[in-house]
Amino acid sequence: MTKIYLASTSSRRISLLKNLGLKFEVLKPLWETRVYSDKPEEIAVLTALEKARSVQGNVEEGIIIAADTIVVSEDNEVLYKPKNENEAYRQLKKLSGKVHLVITGLAIKLVETQEEITDFEISKVKFKELTDDEIWCYIKTGEPLDKAGSYGIQGYASIFIEKIEGDYYNVVGLPLHKLYVMLSKIIKRPLKLFLNC
């Protein structure tokens, strides 16, 4: 059986993979530096790749999966995890009533051969017009403070979202279909990883 490693401590990504029955080990990525590019999708992909590379010294064989999710506002600003409540307010105010992009970069590394595959997924999300009271009530839950764009679609912020175009799981933080397609490129029968058949 191929050993699978997830280079992420994100509870959302861990939960998504566990729900599929995937057996994997969690490795904390050592990469914390931001990648800069004019192309948001390149930022997400390169950051995911560096996360995968940062843990490769800890394993001798198997497959490393890494991901990085960013939020891009209508005026093309990349919204990372907020540093504090005031920044969370600014980000949510910017997203209020508008459509934004959620981009997840994916990287898969085959340890034995050092082969690397990267790709990305983009979803569009439309927020309702938020009042200041709604924004601050949401911030006080603490949920926005560890998430890109200051919100989590699977949590309280779900009541603010009017529409999604694209992969819901991408907005959560791990586009499962794209991940499966990528695994198919380096494993003959990736279905065995999930359904054991």
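The values are calculated or read from the model by the stated rules, or taken from the named source; none is laboratory data. In this text the structure is predicted, and so the values were computed from the model without any measurement. Heads up, the Cβs are rebuilt from the backbone with ideal geometry, glycines too, and the neighbour counts pull from every protein chain shown.
Details
- Looking across the stretch 23-47 at every residue that is of a type outside the set (Val, Ile, Thr), under 23 Å from Val181 (Cβ atoms) and under 15 Å from the mean Cα position of the chain (by Cα), the one that is surrounded by the most Cβ atoms within 10 Å (Cβ to Cβ) is identified as Ala44.
- Residue within the stretch 48-66 that is among the β-branched types (Val, Ile, Thr), touching a Gly at 6+ places or on another chain (Cβ under 8 Å) and buried (at least 19 other Cβ atoms within 10 Å of the Cβ) present: no
- Selection status of Asn86, surrounded by fewer than 16 Cβ atoms within 10 Å (Cβ to Cβ), touching a residue at least 12 places away in the same chain (Cβ under 8 Å) and over 24 Å from Lys178 (Cα atoms): no
- Selection of the stretch 174-197 for residues being at pLDDT 95 or above and either on the phi > 0 side of the Ramachandran plot or of a type in the set (Lys, Arg) (or both) yields only Lys178.
- Number of positions in the stretch 89-109 that are under 19 Å from His177 (Cα atoms) and surrounded by fewer than 19 Cβ atoms within 10 Å (Cβ to Cβ): 0
- Annotation note: of Ile139, Ile122, Ile108, Ile103, the sole residue that is among the hydrophobic types (A, V, I, L, M, F, W, C) and in contact with a Gly (Cβ under 7 Å, 6 or more places away or on another chain) is Ile122.
- Count of the stretch 19-51 residues which are charged (D, E, K, R) and not in a loop (DSSP other than H, G, I, E, B): 5
- Of the criteria (1) in contact (Cβ under 8 Å) with a residue 40 or more places away in the chain; (2) under 22 Å from Asn84 (Cα atoms); (3) not hydrophobic (A, V, I, L, M, F, W, C), which one Lys124 fails: (2)
- Some residue of the stretch 11-18 being crowded, with 16+ Cβ neighbours inside 10 Å and under 22 Å from Lys126 (Cα atoms): yes
- In the stretch 57-83, the qualifying residues are those that are of a type in the set (Val, Ile, Thr) and touching a residue at least 40 places away in the same chain (Cβ under 8 Å), and the one that is nearest to Ser10 (Cα to Cα) is Thr69.
- When Ile117, Ile139, Ile103, Ile122 are checked against the criterion of being more than 21 Å from Asp167 (Cβ to Cβ), of a type in the set (A, V, I, L, M, F, W, C) and touching a helix residue (DSSP H, G or I) at 6+ places or on another chain (Cβ under 8 Å), a single residue qualifies: Ile139.
- Condition check for Leu20: within 18 Å of the chain's Cα centre (by Cα) and closer than 21 Å to Pro175 by Cα: yes
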